[in-house]
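Structure first, commentary second.
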Amino acid sequence: MSRLSFQLEREAPRSRARAATFTTLHGEVRTPVFMPVGTQATVKSQTVDSLRTAGSRVLLANTYHLLLRPGAEVFRKFGGIHRFMNWDGPVLTDSGGFQIFSLPHSREMNEEGARFQSYVDGRMHLLSPEESIGMQRAIGSDIMMVLDQCIPSTAERPQAVAAMELTHRWARRSLSARGDSPQSLFGIVQGACFEDLRRQSAEFLTALPFDGFAIGGLAVGETKAEREDFTEWTASLLPRELPRYLMGVGTPIDILEAVHRGVDMFDCILPSSLAQRGVAFTSVGKLQLRRGVYKLSQDALDPACDCLTCTHYSRAYLHHLYKAEELLGWKLLTSHNLTFYHRLMREIRASILAGTFAEYYHERRGALAAADGENPVSPPRPKRVRGTRRMELGDYEVHSSPQGFSSIRQRSSGEIMHSVSDPMEEANRLYVDQCRLAERLAEPGETPLVIWDVGLGAATNAMAAIRCFEACSSPRPLSLISFERDLDPLRLAASHPVRFPHLRHGAPHRLLESGSWQNETGLLDWQLLEGDFLALLDSAEKPDLIFYDPFSSKTDSALWTREVFARIFRTCAGRPVELCTYSASTAVRAALLASGFFVAKGVATGPKAETTVALTAPTPEWRERLLDQDWLEHWHRSGAKFPSGLPENLRPAFERAVASHPQFAPTG
């Protein structure tokens with residue numbers, strides 16, 4: 001018998017949508033319901049009071065992250081997560097399976113469980129079904145999830161079968177580990193994009209005494225149409241008298257579509273993560289508050305919303321907060337987005353109970369799917385004379401070289417991006433070819449190759465990587481992560497596709513609109529992390545390759561210090577990572593060495609006889625090009641051997657770190 005006392009109240013005519021209630025240890029839940037993601041026992045930028053005001057009733061926390069910090073002993077001391085975070089409503093905990101899937105290079109999966117390296121202190125952990133349930137019991141969540149093996153939804157059949165069968169064996173162990181705990185436990189249906197495997201998984205799991213079921217393994221590579229089809233197919237296989245949960249989905253239109261297909265419960269980070277990028281969900285569609293069109297707008301964010309953000313602040317003020325990178329902007333937009341999501345769920349539920357959901361569904365689909373620019377905004381943009389385009393934007397201008405190509409120039413510093421060589425030629429030679437990207441993409445495997453593109457600029461390096469991927473006949477998955485704090489160079493270049501032919505592609509324009517882009521196969525994912533690189537690098541997926549291309553140390557000295565390189569090195573600890581950069585500066589190379597990297601001479605490009613490649617560990621390909629004793633002796637004699645700004649009292653320790661680096665140890 002279910003621990004949730006699930007009561008199905010009504011099913012919608014001409015739809016699979018349904019309204020229900022169930023009772024947890026911390027109160028009643030009315031479905032359909034959206035659960036804000038509080039991964040670390042907090043929803044980013046929000047207090048529990050602001051969550052209650054927005055309409056939140058159930059929160060999601062993550063076992064993987066809470067296991068590593070603060071740890072089970074803290075939750076046992078406090079008697080669970082509710083007292084720890086001062087939240088009196090229900091909590092659902094994810095098992096950690098998806099986070100383990102997201103760490104392909106620092107974990108090992110086997111029958112026992114998932115062995116992985118902590119990002120907190122570097123220690124190894126084994127997350128077994130028993131450990132996962134034990135941690136969730138310590139957390140004291142109302143609803144626990146079984147540990148499952150998550151794989152890309154586009155995986156080949158043998159991998160999908162193996163992952164499904166392992167998930168089933170772990171599901172039995174999770175049930176046993178739950179014991180007599182009053183906490184509810186959900187099974188997770190797997191099977192990738194194979195209907196018969198989804199049926200097998202549902203049949204196996206529904207024969208076990210779970211309190212509800214989740215649809216897993218979606219939103220990890222498949223198309224939107226595939227996700228909707230497999231959501232409907234899987235939901236139809238699950239018991240009518242128990243709750244159904246679609247994990248990690250999604251946008252308001254995604255949720256509406258999934259409710260229509262029979263799903264009750266949802267979670268997603270988008271209300272907060274997109275708010276951080278200046279994106280708001282409104283009754284007239286999604287708005288990008290970073291757009292200049294809102295700079296003078298006195299309109300409310302959403303005239304149909306009565307949240308604090310919409311009743312007290314203008315679009316112009318929210319635009320200003322985003323541009324100024326003020327945390328208040330993130331908080332206000334997140335609060336609004338959560339209010340919007342919860343209002344949507346209430347409207348959906350009311351229409352189901354009234355028997356009018358089919359009409360509501362068809363009426364709301366268009367507005368929920370609308371993008372910014374499809375709706376009128378105030379004030380209107382001034383008209384531009386036909387045939388003219390601005391050659392400058394903010395601190396940047398288009399620069400035409402004598403060799404016939406165009407680049408972007410920063411006016412305040414005079415520094416030009418790719419000033420001597422054709423930008424794409426330089427990107428291919430320095431980054432794509434030098435790191436053997438085509439060869440790496442041709443390697444078999446389902447785990448993504450991860451590239452950090454530090455200094456997006458006009459997206460030249462990123463587009464070189466994308467073109468390389470598109471030229472491969474059967475590439476492995478690629479995750480491209482671009483870091484940039486000022487998007488004006490890309491916006492300016494994108495408005496001149498004749499001058500910047502590498503931008504005659506939909507990807508960079510989509511990236512500017514929404515902060516991400518996926519190619520049609522789902523194997524290439526490009527994400528923009530906008531803001532200070534130093535504030536973002538710890539939260540990014542760990543890299544295999546780093547294209548390090550910020551402005552020079554003269555213009556942007558903060559990104560060329562030993563401390564920055566040491567943070568990157570620590571982030572890459574235990575992983576074979578290559579960092580390529582255009583700089584061959586003695587001080588930059590010394591900073592890399594002092595931070596722990598092995599440093600080699602990179603290829604020549606343009607006027608530079610050498611560039612630089614840094615490695616977390618020496619490899620045969622680079623062993624012959626590592627800096628040697630001759631370079632070390634030159635460095636000792638150099639008058640510019642220290643990074644800019646290094647205090648006098650730290651220089652002796654810096655010198656010792658460089659001189660004692662293992663790459664200079666005598667051989668033989």
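For region 450-474, taking the residues that are in a loop (DSSP other than H, G, I, E, B) and out of contact with any strand residue (DSSP E or B) (no Cβ under 8 Å at 6 or more places or on another chain), the one that is nearest to PRO152 (Cα to Cα) is identified as SER474. It is to be established whether one or more residues within region 546-557 are in the same structural domain as VAL613 (by TED's automatic domain parsing) and part of a helix (DSSP H, G or I). Checked region 546-557: at least one residue is in the same structural domain as VAL613 (by TED's automatic domain parsing) and part of a helix (DSSP H, G or I).
Is one or more of the residues making up region 412-429 surrounded by fewer than 19 Cβ atoms within 10 Å (Cβ to Cβ), of a type in the set (A, V, I, L, M, F, W, C), within 29 Å of GLU541 (Cα to Cα) and modelled with pLDDT of 90 or more? For region 412-429, residues surrounded by fewer than 19 Cβ atoms within 10 Å (Cβ to Cβ), of a type in the set (A, V, I, L, M, F, W, C), within 29 Å of GLU541 (Cα to Cα) and modelled with pLDDT of 90 or more: absent.
Residue-by-condition table, conditions (1) within 24 Å of the chain's Cα centre (by Cα); (2) more than 24 Å from HIS125 (Cβ to Cβ):
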site: MET135; (1), (2): no, no
site: MET164; (1), (2): no, yes
site: ARG172; (1), (2): no, no
site: SER181; (1), (2): no, no
site: PHE213; (1), (2): no, yes
site: PHE230; (1), (2): yes, yes
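Restricting SER514, SER473, SER553, SER482 to residues that are polar (S, T, N, Q) and in contact with a Phe, Trp or Tyr (Cβ under 6 Å, 6 or more places away or on another chain) narrows the list to SER553.
On the stretch given as region 475-502, residues that are assigned to a loop (DSSP other than H, G, I, E, B) and closer than 18 Å to GLY522 by Cβ total 3. Selection of strands (runs of 3 or more DSSP E) fully inside region 11-96 by the criterion of at least 3 residues being in contact with a Ser or Thr (Cβ under 8 Å, 6 or more places away or on another chain) returns 18-24, 27-31, 59-62, 91-94. The selection criterion, being out of contact with any Asp or Glu (no Cβ under 9 Å at 6 or more places or on another chain), at pLDDT 95 or above, of a type in the set (A, V, I, L, M) and crowded, with 23+ Cβ neighbours inside 10 Å, does not hold for VAL161.
Using the structure shown, decide if GLU443 is assigned to a loop (DSSP other than H, G, I, E, B), surrounded by fewer than 20 Cβ atoms within 10 Å (Cβ to Cβ), more than 20 Å from the chain's Cα centre (by Cα) and in the same structural domain as THR605 (by TED's automatic domain parsing). Here the answer is yes, as GLU443 does meet what is asked.
Determine whether LEU511 is surrounded by 21 or more Cβ atoms within 10 Å (Cβ to Cβ) and closer than 24 Å to LEU289 by Cα. So LEU511 fits the description; yes.
Look at region 507-521: where a residue is within 19 Å of THR251 (Cβ to Cβ) and in the same structural domain as PHE483 (by TED's automatic domain parsing) and a partner is among the basic types (Lys, Arg) and not in a strand (DSSP E or B), sitting 6+ places away or on another chain with Cβ atoms under 8 Å, you get LEU512/ARG491; GLY515/ARG277; SER516/ARG510; TRP517/ARG510.
The residues listed here are SER482, SER495; of these, the one that is of a type outside the set (D, E, K, R), more than 19 Å from ILE451 (Cβ to Cβ) and out of contact with any Pro (no Cβ under 7 Å at 6 or more places or on another chain) is SER495. Does SER644 satisfy being at pLDDT 90 or above and farther than 19 Å from ASN428 by Cβ? Considered against the rule, which asks whether it is at pLDDT 90 or above and farther than 19 Å from ASN428 by Cβ, SER644 comes out as no. Would you check which residues across region 277-314 are part of a helix (DSSP H, G or I), in contact with a helix residue (DSSP H, G or I) (Cβ under 7 Å, 6 or more places away or on another chain) and in contact (Cβ under 8 Å) with a residue 60 or more places away in the chain and list them? If the condition is that a residue be part of a helix (DSSP H, G or I), in contact with a helix residue (DSSP H, G or I) (Cβ under 7 Å, 6 or more places away or on another chain) and in contact (Cβ under 8 Å) with a residue 60 or more places away in the chain, then TYR294, LEU308 are the ones that fit.
Condition check: at pLDDT below 90 and surrounded by fewer than 19 Cβ atoms within 10 Å (Cβ to Cβ). Does ARG386 satisfy that? So ARG386 fits the description; yes.
The values are calculated or read from the model by the stated rules, or taken from the named source; none is laboratory data. Fair warning: this is a prediction, and the values are worked out from it, not measured in the lab. Note that each Cβ is placed from the backbone with ideal geometry, even for glycine, and that neighbours are counted across all protein chains shown.
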